[in-house]
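Visitor: Submitted below is the structure of interest, expressed as structure tokens.
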Amino acid sequence: MESFEEMFEQSLKSIKPQTVIKGEIIAISNGEIFVNIGYKADGIIARNEFSYDENKRPEDTYKIGDVIDVYVMRLNDGRGNVELSLKKLEGKKLKEEFNQAVENDEVITDKVSQVLDNGVRVNHNGVMIFIPGNHLVKKDVKEYEGKKISFKIIANEKNRIIGSERIAYKQQRNEQAKETLAKINVGDKLKGIVKRVNEYGAFVDIGGVEGLLHVSQMTWKRNVNPNDFVKEGQEIEVEIMEYDRENNKIALRSKKQEDNPWNKVGTEIKEGDIFEVKIEKMLPFGVFVEIVDGIDGFIHISQIANKRIGNPSEVLKINQVVKAKIVKIDNDTKKIELTIKGIEEEQQPLED
């Protein structure tokens, strides 16, 4: 005759490790979930077996009385409880989603879990992915420490999954460029990121496509160095000045019309005014001078000295500062003529 204990045990579920069963939550405490699984011992889901999402909390996800599917890991966790896992079930689902993403050639985004000498590793919901250094966009792998990265899978084998940030970046840039080129027009003002700076200007990323910001369109000042106005990685506001849709060439400007020094002409700069001007360029028939930042004028050889001279260099030199009077302003052609005759009896002498 069977004992009461034997009959009780037979009435309980037959539970085996590595199987999925249903259970009812009876308690949630300190990040652990206790589950009635109809067995002689309750099941327990430890905090590290709850979810791959480290920010997810059992208290925010479930309540007492919820019936859930659980994965049986061990029949005795050392404390007399059945060791259960939700993470294993989540991992299986996430693995299926990962395989689907790979099959659909999708871009995957996740946080870098480890930086190596030759690349980085990403733990994508339990799936370990290696991205080699030659498939990263940035040269210094240390810049990826703790950062999120977007990539595409280029090799998906059982023990070897490799991703490429470069391929994903190129694809995203191409898609972004198509959208940008389809909607921009001359006169549009938008934000851009300076990508490269050289002696004649800078290339600015305005949304997957680069435009040229020539140094002459950075400032109204003349003879300047682009590096004095923009830096690589800087965000600046630019205006579409020209757009060649056929060749996808874009010319930009960042200088503002309200800063145009020619706006001062007629008010602060008038015919008859005397300025200290700097000799900028010397020609056989005269010299070009800087009146103020961004505004040049011309002094004809006949207006340089009270005596007849054969070349301006006989009495003037480059970068010399002299007093000159404005004799004519042509607003249509933006030209200003000056004279230094009679302003000072003796201008600054040339040094030997």
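Any read-out appearing in this document is the output of simple, stated calculations on the displayed coordinates, not a laboratory observation. None of the values given here were measured: they were computed from a predicted structure. Every residue, glycine as well, gets a Cβ built from its backbone with ideal geometry; the counts of neighbours run over all protein chains shown.
Visitor: Among GLY119, GLY208, GLY80, which one moves the most in a GNM of the chain with springs linking Cα atoms closer than 10 Å?
Guide: It is GLY80.
Visitor: Please report the antiparallel percentage of DSSP beta bridges with both residues in the chain, rounded to the nearest 5.
Guide: Of the beta bridges lying entirely in the chain, close to 90 percent run antiparallel.
Visitor: So which trypsin sites (Lys or Arg not before Pro) in segment 203-262 end up in coil per DSSP with only 12 or fewer other C-beta atoms within 10 Å?
Guide: LYS231, ARG245, LYS256
Visitor: So, one more: Which loop-located trypsin sites (Lys or Arg not before Pro) does segment 64-100 contain, where loop means any DSSP state but H, G, I, E or B and the Cβ has at most 10 other Cβ atoms within 10 Å?
Guide: Answer by residue number: ARG79.
Visitor: Go through LYS152/LYS249; LYS40/LYS63; LYS148/LYS189; LYS22/LYS87; LYS256/LYS281 and tell me which ones have a Cα-Cα distance over 20 Å in this structure.
Guide: LYS152/LYS249; LYS40/LYS63; LYS148/LYS189; LYS256/LYS281
Visitor: Would the chain count as rounded, prolate or oblate if I go by the C-alpha gyration tensor, calling it rounded below 1.5 in a/c and otherwise prolate when a/b exceeds b/c, oblate otherwise?
Guide: Judged from the Cα gyration tensor, the chain comes out prolate (a/c at least 1.5, a/b above b/c).
Visitor: Report, in degrees rounded to the nearest 10, the 0 to 90 angle that the Cα long axis of helix 87-103 makes with the longest principal axis of the chain.
Guide: The angle comes out near 50 degrees.
Visitor: Also: What is the distance, in nm, between label points placed 7 Å from the Cα along the Cα-to-Cβ direction at ASN185 and at PHE288?
Guide: 3.6 nm
Visitor: In whole Å, how far is the Cα centre of segment 13-56 from that of segment 283-311?
Guide: 92 Å
Visitor: Using alpha carbons only, how many degrees (0 to 90, rounded to 10) separate the axis of helix 165-183 from the longest principal axis of the chain?
Guide: Approximately 50 degrees, to the nearest 10.
Visitor: Calculate the dipole size of the chain relative to its Cα centre from +1 charges on Lys and Arg beta carbons and -1 charges on Asp and Glu beta carbons; express the result in debye to the nearest 20.
Guide: 600 debye
Visitor: Another question, if that's okay. How many angstrom lie between the C-alpha centres of segment 143-206 and segment 105-124?
Guide: Going from one Cα centre to the other spans 17 Å.
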